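Values quoted throughout were computed directly from the atomic coordinates according to the rules given, and no laboratory measurement underlies them. Bear in mind that the values here come from a model prediction, so they are computed numbers and not experimental data. Glycine also receives a Cβ, built like all others from the backbone with ideal geometry; neighbour counts cover every protein chain displayed.
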Amino acid sequence: MKSVKEHLMFILPLMAILLGVEFVLVFNRVTSNYEEKLRESYTILVVSKSPMSLRRFRRIEPHISSVEAISKERIARQIARGIQNTRTQEILAALPYFYTLHLDRYLSRTAVEKIRKKLLKVPGVKKVETFGENHRAKYNLFLFLKIVFWSFVVLLSLVSFFLILKQMEVWQLAHRERMQIMEVFGAPMLLRSGVLFRMGITDAIFAVALSGGLFALLKYYWAPRSGIEILVDRQALLFEPKDLAILAAIAFTLVISAVMNVTIRSGEVRE
Amino acid sequence: MAANVITASHLTLAYDRGRKRIIENASFSVRKGEFVFITGPSGSGKSTLLKALYGAIRPLEGTLKVGGLDMAKIRKGKLQELRSHLGIIFQDYRLINEWTVEKNVVLPLIIAGYSMEVQQTQAKRLLRHVKLTEQADRYPLELSGGEQQRVGVARALSKNPFLILADEPTGNLDEYSSNVIWDLLENACDQLGSTVVVVTHQLPTMFNIPYRHFIIESKGIYEVR
């Protein structure tokens, strides 16, 4: 019973940290995905008398990530339906150049408006139009949730870390005598702390498995049934295999530093 | 003439960064296979000297050589190696209470990486030697003080150490148990050829092999002839 309690006292705070980290990973993925969708829904249409390149556009506004030239021939064909072929050529020659611009990330309406004004100042540019749904309110709520969530995770991790430190003190007391005896008989550090490493690594494996298991359950069982649109649409983002590697790396790093700390603090046998 | 196992020259031992001097300017040597008693009043520095001999404290001044190694300059790795060739016995036994008697006895063999087979053979031999065969699977706290100290002696002998250091090995024991421990230590010196240094507040009433006697007094170490 005492041993189970000793393990739980390490596994639970470690799990709290790992769950916090996993939540952050998932939240970041979902936010990035959402931002990407918003960004894709934005289009800036530029009408220019002279031809323009991506390089020139980027010199004007670095947030412009790509440029698509709209075929003048297609526009001319549509305008000249039922008109003589020679007239089509004239229309084509008179038509300005049309470009669709894409941005590298989701920007606020004000920022997009600023870009519009900058582009309008470019000699040759006759018209700039922006199209896109206004997701700003939703996006701001998302950002607010992200900040609240981050603060909560940082606080949770801090409290958990202090609990781990406390548990380390218990370990130190429980194993100090044995480690000192082993040191007197010439045992190297790895051998002295072997029991602690075994115990810590077992606990870390449990904590990683439980945290990963919880998120797998969330992804495969709870999310599809939840009816929450953002979760249903982004189910694939809720838990990825690489997360398990990240959680394991964090857990093992914490365990190794905890055990090293206990071993070093048990120190030499001195009066 | 046998080589010196311990050589101390103008040795000063101190605590508190040299502010509290325990032993000052002491010189002595111990040859291979000798049995040495170190006595002195409480707080005279007997245990401090023993600690210096297994490297738990470093000399402040002078030199102290154990097995030819300078204890003032010894590196961690060398100290671990030296300790693995020593047999150390404590007044409070210092057994690992979560381990069985058998496992405690073979601790130095575990540290040295001996196979399980060797460990078991040695454990049987040593427990027979200290008459604790029946207690092999028990835990230290289930044994009497005398029995625990016999486990401590068996542990100290498990790797045939060239030097045995004993800190008040009979300090907590009754007369019968004390005599058993003295017999075991006499035997280690006489039969196995180990050098034995015992720190004690009182010499045993019956002792059957030749020994040297040092006394610590007024921070100095003097041989009683």
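Residues of B:56-68, mean number of Cβ from any other protein chain within 10 Å of their own Cβ, rounded to a whole number?
1
Mind checking which aspartates and glutamates have their C-alpha under 15 Å from B:K124, skipping anything on the same chain fewer than 8 residues away?
Those aspartates and glutamates meeting the cut-off are B:E102, B:E134, B:D137.
Helices from chain B with mean Kyte-Doolittle at least -1.0 and a Cα length along the axis of 15 Å or more, per DSSP H: which?
B:145-157, B:175-190
Positive end of the charge dipole of chain A (Lys, Arg +1 and Asp, Glu -1 on Cβ, about the Cα centre): tell me which of A:M15, A:I164, A:P224 has its Cα farthest that way.
Projecting each Cα onto the dipole axis, the largest value belongs to A:P224.
What is the extension gain from B:H213 to B:K73, computed as 0.36 nm multiplied by their sequence separation minus the C-alpha to C-alpha distance, in nm to one decimal?
47.6 nm
Which values, in whole Å and largest first, are the semi-axes of the equivalent ellipsoid of segment A:42-132 obtained as the square root of 5 times each eigenvalue of the Cα gyration tensor?
Equivalent ellipsoid of segment A:42-132: 28, 13, 11 Å, largest first.
Just going by the charge dipole of chain B, with Lys and Arg at +1 and Asp and Glu at -1 on Cβ, which of B:V118, B:A154, B:S144 is farthest out on the positive end?
Farthest towards the positive pole: B:V118.
Considering Cα pairs under 8 angstrom that are at least six residues apart, work out the relative contact order of chain A and quote it in whole percent.
29 percent
Which entries in the list B:K46/B:K131; B:K76/B:K159; A:K72/A:K121; B:K20/B:K159 go over 28 Å, if you measure between the two C-alpha atoms of each?
From the list (B:K46/B:K131; B:K76/B:K159; A:K72/A:K121; B:K20/B:K159), the Cα-Cα distance tops 28 Å for B:K46/B:K131; B:K20/B:K159.
Can you give me the C-alpha center-to-center distance between segment A:223-264 and segment B:155-208, rounded to a whole angstrom?
Spelled out, the Cα-based centre of one part sits 57 Å from the other.
With charges only on Cβ, +1 for K and R and -1 for D and E, what is the dipole size of chain B about its Cα centre, in debye, rounded to 20?
960 debye
Could you work out, residue by residue across A:185-195, how many beta carbons of other chains sit within 10 Å of that residue's beta carbon, and then give the average as an integer?
5
Calculate the radius of gyration of the Cα atoms of chain A to one decimal place, then report Dmax, the largest Cα-Cα distance, as a whole number, both in Å.
That works out to 30.3, 107 Å for Rg and Dmax.
Whose amide H sits under 5 Å from the amide H of B:S27, counting only residues 5 or more places off or on another chain, with H placed in the peptide plane?
Amide H neighbours of B:S27: B:H10, B:L11, B:I221.
Can you tell me the dipole magnitude for segment A:42-132 around its Cα centre, using point charges on the Cβ only (Lys, Arg +1; Asp, Glu -1), in Debye to the nearest 20?
Using Cβ point charges on Lys, Arg, Asp and Glu, segment A:42-132 gives about 260 debye.
Before rounding to the nearest 500, sum -39500 (n - 2.57) across all DSSP H runs of length at least 4 in chain B and divide by the residue total; then give [θ] at 222 nm in deg cm²/dmol.
-9500 deg cm²/dmol
Taking the 0 to 90 degree range and rounding to the nearest ten, how far is the long axis of helix A:136-184 tilted relative to the main principal axis of chain A, both from C-alpha atoms?
Approximately 20 degrees, to the nearest 10.
Okay, helix-only estimate at 222 nm for chain A: each DSSP H run of n ≥ 4 adds -39500 (n - 2.57), divide by all residues, round to 500 deg cm²/dmol; what do you get?
My calculation for chain A gives -23500 deg cm²/dmol from helical runs alone.
As an exercise, find the ratio Rg/Rh for segment B:78-196 from alpha-carbon atoms, using the Kirkwood inverse-distance average for Rh.
That ratio equals 0.93.
Helix A:85-94 versus the longest principal axis of chain A: what angle, 0 to 90°, nearest 10, using Cα atoms?
With both axes taken from Cα atoms, the answer is about 60 degrees.
Quick check: the distance between the Cα centres of segment A:1-43 and segment A:136-155, to the nearest angstrom?
Result: 14 Å between the Cα centres.
Quick one: angle between helix A:2-40 and the longest Cα principal axis of chain A, in degrees between 0 and 90, rounded to 10, please.
Roughly 10 degrees between the two axes.
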